[in-house]
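Written below as structure tokens is the structure these notes are about.
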Amino acid sequence: MPSALVTGATGILGREIVAALGQDKQTWPTVYALSRSQKLEWPENVKQQQLDLTASAQEMAKELGNVQPEYIFFAAYLAEDSEEEATKVNGAMLENFLEALKITGASKHVKRVILTTGAKQYGVHLGVPKMPMEESDRWLTDSDRPPNFYYKQQHILAEQGRQQGWDWVVTYPNDVIGVAKGNFMNLATSLGIYCAITKELGQELMWPGSPAFYTKFDCFTYSRLHAKFNLWAALEQSPRVSNQAFNVVNGDVESWQNMWPKTAAKFGLKIPERMFTPDEESGTMSDAGSVTKLMAHPPLTEFAAERGLKDTKYTAQSRVEQKIDLVKWSQRSDVKAAWHRLAKREGLEQDAFEKATWGFLGFVFGRAYDIVISMNKARKAGWTGHQDTWESLSEAFDELVGEGVLPAFP
Ligand SMILES: NC(=O)c1ccc[n+]([C@@H]2O[C@H](COP(=O)([O-])OP(=O)(O)OC[C@H]3O[C@@H](n4cnc5c(N)ncnc54)[C@H](OP(=O)(O)O)[C@@H]3O)[C@@H](O)[C@H]2O)c1
């Protein structure tokens, strides 16, 4: 019977991997759930352990003495202010952890390591990428690009796997929909709180992001679907899976022109019939909003000539446009007062508002370009999972009500 270890067990992606392993005691009688701080409630086959992955390999080895996993799900993540620092820190966490298992001798039993990374693989944070994004797309390693910690982690994984004789799988999720508390990137919690406060203020639900993006396309990842993919990828013996990286998105393509009215209805809100002013439609935001330019050369530039797109408008510098800048919005006194009133009246967690990731949500809604990600490679390898994105968002909102983060729905 295989044993499993999950790092980042309290994170938005890691906790669903632990939950999925915990639910299947027959297949996974022993599961180690590792994180730095909080504890969660898990079934009896899950053993929780605190471990600081920023410690040295020797220090970690002392804590991991009795831990012998065959399958490792690495979903830990530490946000840093710069890409340089994120690369250093997240690369070292993975490398030292794998090194610690070598010191304890546990690495001899390891069969496969599944690493969670994401669509920053394709530079979705730098500007318009080549689309659809496919795993065979070449990496963005030109000297003017910032370092990418996913590249560093994938190099470490491949090298350690070669040396130690286990194989690996990497996942590329995007814009994750799920539940976690106090984590670094959380779409559903921040959006849910934005909607709840809008209702408390008696306003219509205004789209805060890019007017252009409102009708463009995005691909999302439900954290529970990602967990199912992880368990499938761990035990799948096909050579099409071993030592491979996969996009892991829901399998549909969504647009906020479709999900915004549904979101409003869920919260008992109305949307304005005309969401944008002519100025906003042409890209000029008011003082309540903001415009941020991304890299001068978006990722698509590197694929442009071979696609007949060199020096065209399609490779122009990309922008993040916010009709309502969510960081500024979250600092408004009427917004803070509305949350405190609401949280007190409904018995919600007061600090959920401070922990919400306004900068992240502003970025996800503000990118003025499509994000379309192909699932062809996983499907050809035998993956059949699929998730309706609106249903996943609606489920995440329901769960947040149960967690005391959002008020009950009308
Ligand atoms: N969230 C998204 O929307 C999204 C989208 C695409 C890709 N991704 C990628 O998915 C991966 C996982 O991210 P996530 O969003 O799931 O992370 P997350 O929700 O922010 O959770 C991070 C996890 O890492 C743990 N951790 C952080 N520092 C640690 C340390 N020093 N020692 C031990 N554990 C530590 C945290 O434990 P504590 O709770 O104890 O601190 C937590 O369990 C990252 O590569 C991320 O870039 C995320």
In a GNM of the chain with a 10 Å cut-off on Cα contacts, which of Asp167, Asp334, Asp81 has the highest mean-square fluctuation? Asp81
Less than 15 Å from a label point 7 Å out along the Cα-to-Cβ axis of Ala55: which backbone N atoms in segment 79-108 qualify, by residue? 93-94, 96-104
Can you tell me the orientation of helix 333-346 relative to the chain, as the angle in degrees between its alpha-carbon axis and the longest Cα principal axis, to the nearest 10? 60 degrees
Kirkwood hydrodynamic radius over Cα pairs of segment 289-360, then Stokes diffusion coefficient at 25 °C and 0.890 mPa s, in µm²/s: 160 µm²/s
What do you get for the angle between helix 149-164 and the principal long axis of the chain? Use alpha-carbon atoms, 0 to 90 degrees, nearest ten. 10 degrees
When Lys and Arg each count +1 and Asp and Glu each count -1, what net charge do the other residues less than 13 Å away from Gly161, Cβ to Cβ, add up to? +1
Please report the carbon-and-sulfur percent of the accessible area for the chain; probe 1.4 Å, protein heavy atoms only, DNA, RNA and ligands left out. 48 percent
Summed side-chain charge close to Gly283 - residues other than Gly283 whose Cβ falls under 12 Å, Lys, Arg +1, Asp, Glu -1: -1
Looking at the chain as a GNM with Cα springs under 10 Å, which of Ala180, Ala212, Ala288 has the largest mean-square fluctuation? Ala288
For Leu400, what is the net charge nearby, where nearby means another residue's Cβ is under 13 Å from its Cβ and Lys, Arg count +1, Asp, Glu -1? -3
Run the Debye formula on the Cα coordinates of the chain, all scatterers equal and no solvent, and tell me log10 I(q)/I(0) at q = 0.12, 0.14 1/Å. -1.00, -1.32
Roughly how far apart, in whole Å, are the Cα centres of segment 146-193 and segment 91-111? 18 Å
Could you state the accessible area per residue of the chain in Å², with a 1.4 Å probe and every protein chain left in place? 42 Å²
Take every DSSP beta bridge whose two residues both sit in the chain, then give the antiparallel share in percent to the nearest 5. 15 percent
If you take the Cα Rg of segment 61-105 and divide it by 2.2 N^0.38 Å, with N the number of residues, what do you get? 1.32
Overall dimensions of segment 36-130 as given by Cα atoms, namely Rg and Dmax in Å: 15.5, 47
Taking the Cα centre of each part, how many Å lie between segment 242-261 and segment 1-29? 23 Å
Quick check: the angle from helix 83-104's long axis to the longest principal axis of the chain, C-alpha only, nearest 10 degrees? 20 degrees
How large is the direction-averaged shadow of the alpha-carbon convex hull of segment 269-315, in nm²? 5.6 nm²
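The values are calculated or read from the model by the stated rules, or taken from the named source; none is laboratory data. Predicted model only: the values in this text are computed from it and were never measured. Cβ atoms come from the backbone with ideal geometry, glycine included; neighbour counts cover every protein chain shown. Quick note on the areas: whole protein, heavy atoms, side chains included, nothing else; ligands and nucleic acids left out. Shrake-Rupley method; radii C 1.70, N 1.55, O 1.52, S 1.80 Å.
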